[in-house]
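Just below is one structure, and these are the notes that go with it.
The values are calculated or read from the model by the stated rules, or taken from the named source; none is laboratory data. Note that this is a predicted model, so its numbers are computed, not measured. Note that we place each Cβ from the backbone using ideal geometry, even for glycine, and neighbour counts take in every protein chain shown.
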Amino acid sequence: MTQQRHIIGRTVLELNTGQLADVWSLQEDMSRLLQQQGIPAMAQLFEQLVAADEVVRLDQVVVDLGVIHPQFIQDEFIPKLISAVNQTLRDYLANRLTTKTNSPILSQNRSAADWEILLYFLRYGRLPWWVEANNWQQWIPRWQAAIQNETTWQQPLRELLATNPQVRQRLVSQFPESFCHQLVLQLQPTWIDWSTLLTQGQQIIQALSLNQNGDRLQWAECHRFYEFLNTQAWLLLLAEIPQTSSSTRPLPKTVWIRNWLTILVQTWQQQATITPEASPNQSQITPTTPEPNESQTQLPDSGIYQRLRTILATIPTNSRTPWLTTLNQILPPAPETTTSTNLNDPLRKPQIPSALRNSISSPKATPESNNQHQQIDSQNNPQTSILSPEEEITGIYINQAGLVLLHPFLHIYLNDVALVDQESFRDESAQQTAIYLLHYLATRQTDAPEYELVLPKLLCGWPLNQAIACNIDLPTTALNEAEHLLQTAIDYWQALKNTSPDGLREGFLQREGKLTRNDNGAWKLQIERQSIDILLSRLPWGLNIVKFPWMEDMLIVDWI
């Protein structure tokens, strides 16, 4: 069994048959020979031509097999094909310049190729066509190893982090914190105090009871805002990494503390006024979650300033001064004659610096706070989905293309699970939840790396290049409704008879497809037919065009 992976994006076989009568029979024979014998034989050839630690990419390889008499096709086609491909590739690899079509030949070691894949994913949220979408977790160790061996990736990554907020968001949301720590220290070796600074910030959040269930916030909301503030901590740090190499630059503690404390105080102020309701799931909190005590239930009367001063007093003396100094700058103490802090006084509200607003993304907010956060986040949303130069030529290859079969049911479903209000999503949190629910419909998986969410993003009107949160909790009721939706589709499509929801997934929804974009902005999804697709002739609804109110452009479906 081969130890290497070889990917052929597309194979085109042109035959000049002259006046041959039985052309269709010849086409089937040639296609069968190519798939059953030609592809395996080429894989063996590629093993011989390329080293195990080398990655070679060619945009196009063209070979001419000459004349083969129809009588000898079974015996001559494959040997001639392999011989021609072998000679052509050896010539290309010997020169390492360009193919006859002036397409560049790219040869890299494995480590350099891995970093190209990472930079591509950070920029677009997708994988390049020449990468097989394996288990996401398998990539992390490879990139961690590549960090130690490669330095050419550093400058492109610096430029992406400095100029593209989506890259920073994607790095924080899609990668484990340990990987982010390692990456930061490779770029800025002198920032060894970052881990301590982050830990102090996390302790402050916990002490403010934003991650415990109190009278002001339900436990789930507290957890969301803990995650939000932790994410902002990372985003603010990544925004400070210089665009040009400056490995000796010290950690900008003062700037980071000021910006993060500003976000912390504003977040607390927004949530402190929410009127709590009794949580119906209060008794279902896991035993490992500590119950709030009286001191956590309500902040002291002196307000957030005194509360933060009390918390900061627990930080080691040698680290406490910048925190206290910054607190006094952004939230000066109230006059001594005042017994409580008026958090609604606009003169006392800290302001997020305008230069940072585009780097700040909103938490999965409660309805009361969502509008304010969404105003910040909307400045950062790409208005159009931009394909990479490679995707402009090859398209985007996806694995759940058959999801479009369910399009008549999706609007009603999203409305029933309270994610859509008439013709738009309630908020960004609902929109992201819908993306994962559509992925669940096709795969029965509740989580996925971002590169597997291309079609759900498109169907939910989410810009393809915009980062998306991970580990979103999908409501049990929505998952149950998803199974009901699949059963309803089966019942309407009577040709499926006794097919189960999983049978529908495996037979039709989990199909490979190619997504391209027309000059007028419309999307086109091509799905290759299989023998079971004879049942599509009895599909009781149309499939050619998909367009929801929240989608900017229509999707044209070509089930070829």
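Checking segment 432-453 against the condition returns a match, with at least one residue being charged (D, E, K, R), under 18 Å from V167 (Cα atoms) and either under 15 Å from the mean Cα position of the chain (by Cα) or at pLDDT 95 or above (or both).
So, in segment 444-487, how many residues would count as being among the charged types (D, E, K, R) and closer than 19 Å to S424 by Cβ?
Going through segment 444-487 one residue at a time, the tally reaches 1.
The condition (being touching a residue at least 60 places away in the same chain (Cβ under 8 Å) and not aromatic (F, W, Y)) is satisfied by just one residue among L515, L496, L535: L515. Which of the residues spanning segment 149-159 are in contact with a helix residue (DSSP H, G or I) (Cβ under 8 Å, 6 or more places away or on another chain) and either crowded, with 19+ Cβ neighbours inside 10 Å or over 22 Å from E390 (Cβ atoms) (or both)? Those that are in contact with a helix residue (DSSP H, G or I) (Cβ under 8 Å, 6 or more places away or on another chain) and either crowded, with 19+ Cβ neighbours inside 10 Å or over 22 Å from E390 (Cβ atoms) (or both): N149, W153, Q154, L157, R158. Which of the residues spanning segment 467-502 are surrounded by fewer than 19 Cβ atoms within 10 Å (Cβ to Cβ) and within 30 Å of N164 (Cβ to Cβ)? Within segment 467-502, C470, N471, I472, D473, L474 qualify. Scanning segment 486-528 for residues that are closer than 19 Å to I398 by Cβ, part of a helix (DSSP H, G or I) and among the charged types (D, E, K, R) gives R505, E506.
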